[in-house]
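Presented below is the structure to which this report refers.
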Amino acid sequence: MSKSKQISVIGIFSALATVLMLLEIPIPQLVGFKYDGSEIATLIVGLMIGPWAGILAEIIKDLLYFAIRGTDVVGLIMNLAAGIIFVGTASMIYVRRKTKMRAIISLIIASILTTAGMALLNLVVYPPYLHVSYAFILQNYLWIIILFNLFKTIADSVVVFVVYKKISMFFKIENWEKKRIVEEKYESKNLPR
C-alpha cells in the first residue's frame, strides 16, 4: 500500500473512530462508564496497515475528541492508553502472519492484556486523582473496571472479526492494481479490429 493511500486510510478511520467515540452509550449497571466503539475503527487500521497506523489513528481520534468535547484530560489519557494497548497488541500479533486463527489469538491476547493493563493503570492513576485510598478502589471499583474493559474489548473484537475481511478487501491497493492490469490487458489496442 502506498504512503499516500496509508495516510488516506488512517485519516478516514480516525474520523470514523472520532464519530464512534462521540456516540458513547452509557451502561446503566455501571454508573459513570460508557461504551464507545471507537477502537473498532482504529483496530481495523492497525490490522490492515500495522501497529503504528492503528496507534496513530488512536492518537488522532483522541485529539479530535478533545478538540470537540474538551473533556477530562485524565479520562482521555486513560482511553488512549487502553486503545494503544488493545490496538497495538492485536495488530502487532496479527501482522506477522495474517490468518483467521492468528486474528482470533491476537484479539484474545489483546483483550486480556488491555483488561489487565487498565486495571493496573486505574489502581495507579485514580486514587491520587480522585483523592481516595487504594483500598477503596480495590474493594469498590476494581471488579467494575475489569468487567467493563473485558466487555468493551470482547465486543470490539467480535465486530472487527466479523467485518474486517470485507473492509480490508475494499481498501487494499493490491486489488485495485490487479483490476487495472486486467483492464489494460483487454483495452481496445489488444483486441482485434
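A compact table of results
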{"quantity": "Matching residues, the range 113-134, being open to solvent by less than 20 Å² (accessible area, probe 1.4 Å) and hydrophobic (A, V, I, L, M, F, W, C)", "calculated": "118, 119"}
{"quantity": "Verdict on residue 141 being of a type in the set (Ser, Thr, Tyr), surrounded by 15 or more Cβ atoms within 10 Å (Cβ to Cβ), more than 24 Å from the chain's Cα centre (by Cα) and more than 19 Å from residue 161 (Cα to Cα)", "calculated": "yes"}
{"quantity": "Helices (runs of 4 or more DSSP H) wholly inside the range 11-112 that include at least 1 residues being free of Cβ contacts under 8 Å to residues at least 24 places away in the same chain, within 30 Å of residue 128 (Cα to Cα) and open to solvent by 10 Å² or more (accessible area, probe 1.4 Å)", "calculated": "51-69, 73-96"}
{"quantity": "Condition check for residue 9: aliphatic (A, V, I, L, M), closer than 18 Å to residue 170 by Cβ and under 11 Å from the mean Cα position of the chain (by Cα)", "calculated": "no"}
{"quantity": "Filtered residues of the range 113-136 (kept if hydrophobic (A, V, I, L, M, F, W, C), part of a helix (DSSP H, G or I) and more than 18 Å from residue 79 (Cα to Cα))", "calculated": "135, 136"}
{"quantity": "Odd one out for residue 149, checked against (1) surrounded by 14 or more Cβ atoms within 10 Å (Cβ to Cβ); (2) at pLDDT below 90; (3) farther than 22 Å from residue 9 by Cα", "calculated": "(2)"}
{"quantity": "Residues that are under 17 Å from residue 102 (Cβ atoms) and surrounded by 17 or more Cβ atoms within 10 Å (Cβ to Cβ), drawn from the range 154-164", "calculated": "157, 160, 164"}
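The values are calculated or read from the model by the stated rules, or taken from the named source; none is laboratory data. Note that this is a predicted model, so its numbers are computed, not measured. Neighbour counts are summed over all protein chains in view; Cβ atoms, including those assigned to glycine, are modelled from backbone coordinates with ideal geometry. Surface accessibility is based on the protein's heavy atoms, side chains included, excluding ligands, DNA and RNA. Shrake-Rupley method; radii C 1.70, N 1.55, O 1.52, S 1.80 Å.
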